[in-house]
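Structure first, commentary second.
The values are calculated or read from the model by the stated rules, or taken from the named source; none is laboratory data. These numbers come from a predicted model, not from an experiment. Note that we place each Cβ from the backbone using ideal geometry, even for glycine, and neighbour counts take in every protein chain shown. Quick note on the areas: whole protein, heavy atoms, side chains included, nothing else; ligands and nucleic acids left out. Shrake-Rupley method; radii C 1.70, N 1.55, O 1.52, S 1.80 Å.
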Amino acid sequence: MGAIQNKLEGPVSDELTLVRAAKGGDDSAFEELVRRYDRNVFRIAQHITQNREDAEDVVQEAFLKAYGNLAKFQEQSKFYTWLVRIAVNEALMKLRRRKPERTVSLDEDIKTEDDSLPREIADWTPNPEQQYSQAELREILSKTIQGLPPGFRTVFVLRDVEGLSTEETAAALELSVPAVKSRLLRARLQLRERLGRYFQKRESGDGDQ
Amino acid sequence: MKCSEFLTELTNYLDGVLDSNTKVELENHLSWCHNCYVVCDTTKKTIEIYRDSQLYELPEDLRGRLRSAIMTKCQQHKKRGPGSV
């Protein structure tokens with residue numbers, strides 16, 4: 001059983017060239033940056049807000065804010081990491097506005113170490129995703145991740161879906177590396193346990209007649 | 001290695017950043033502890049399923065509309081001058 005390979009390596013070689021051109025007033029360079037990252041920003045925003053209209057707003061607001069603040073971008077991190085930080089903040093603001101009764105924060109108190117210890121250890125069928133149609137599977141995945149606290153699902157999405165490194169995720173969310181690792185473990189284990197309800201191996205001959 | 005120690009190292013293991021000694025210990029643990037093997041395997045599958053799911057893909061028509069709205073707002077911002085975002 002090997003390590004997970006990240007899907008995104010990220011084309012960063014000419015990112016800085018585009019950023020500098022955009023800073024110099026070249027709007028087509030900025031448009032290229034939009035084209036490069038709009039899908040990622042939309043996905044992150046929808047994962048956090050769980051609402052398509054909000055995600056559309058976040059994409060617009062995040063890029064507009066990046067455009068307006070480009071001069072302040074110090075080039076010490078990747079442009080993408082900086083953009084993700086802006087987008088995550090915009091998305092969390094949307095969530096707070098929509099669910100004011102609930103505290104929405106990335107600094108949610110982490111409970112004791114024991115709360116995410118796996119309770120159900122049933123194995124899954126060999127190719128669980130093939131039991132469902134694409135649409136059903138998306139529905140299951142969407143419903144399942146919605147059940148996680150925003151702080152957990154944000155870390156999971158940045159690390160495991162978007163392929164940011166632990167350090168980049170920490171920088172984008174202004175969290176420490178240990179905090180990212182701790183949230184990531186909990187997010188992964190909680191998702192695993194919840195998905196088990198759909199993907200568990202059914203015992204044959206279990207008495208159902 | 002105990003089960004609780006396995007769990008502490010699980011994320012580093014799946015991310016491929018464990019030092020070689022701990023990796024050997026962990027894989028040795030997995031070879032006899034079925035529960036931890038299942039947790040490891042299904043956690044890995046969880047990550048892969050989400051990563052490959054194409055959940056929340058941005059449709060091309062919406063993508064075009066959003067990009068053009070963004071660029072229009074950027075032009076307006078430029079005309080108004082800095083500090084207007």
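For chain B, set up a GNM with springs between Cα atoms under 10 Å and report which of B:Lys73, B:Lys45, B:Lys23 has the largest fluctuation.
Among B:Lys73, B:Lys45, B:Lys23, the largest GNM mean-square fluctuation belongs to B:Lys73.
Counting only other residues whose beta carbon sits under 11 Å from that of A:Leu83, what net charge do I get with K and R as +1, D and E as -1?
Numbers: positive: A:Arg36, A:Lys65, A:Lys78, A:Arg85; negative: A:Glu15, A:Asp38, A:Glu90.
For residues surrounding A:Leu83, the net value is +1.
Which cross-chain or sequence-distant (5 or more) residues have an amide H under 5 Å from the amide H of A:Trp124, H modelled 1.01 Å from N in plane?
A:Lys201
With every protein chain present, what accessible area does B:His77 have (1.4 Å probe, heavy atoms only), rounded to the nearest 10 Å²?
Approximately 10 Å² for this residue.
Rule-of-thumb check for chain B: C-alpha Rg over 2.2 N^0.38 Å?
1.98
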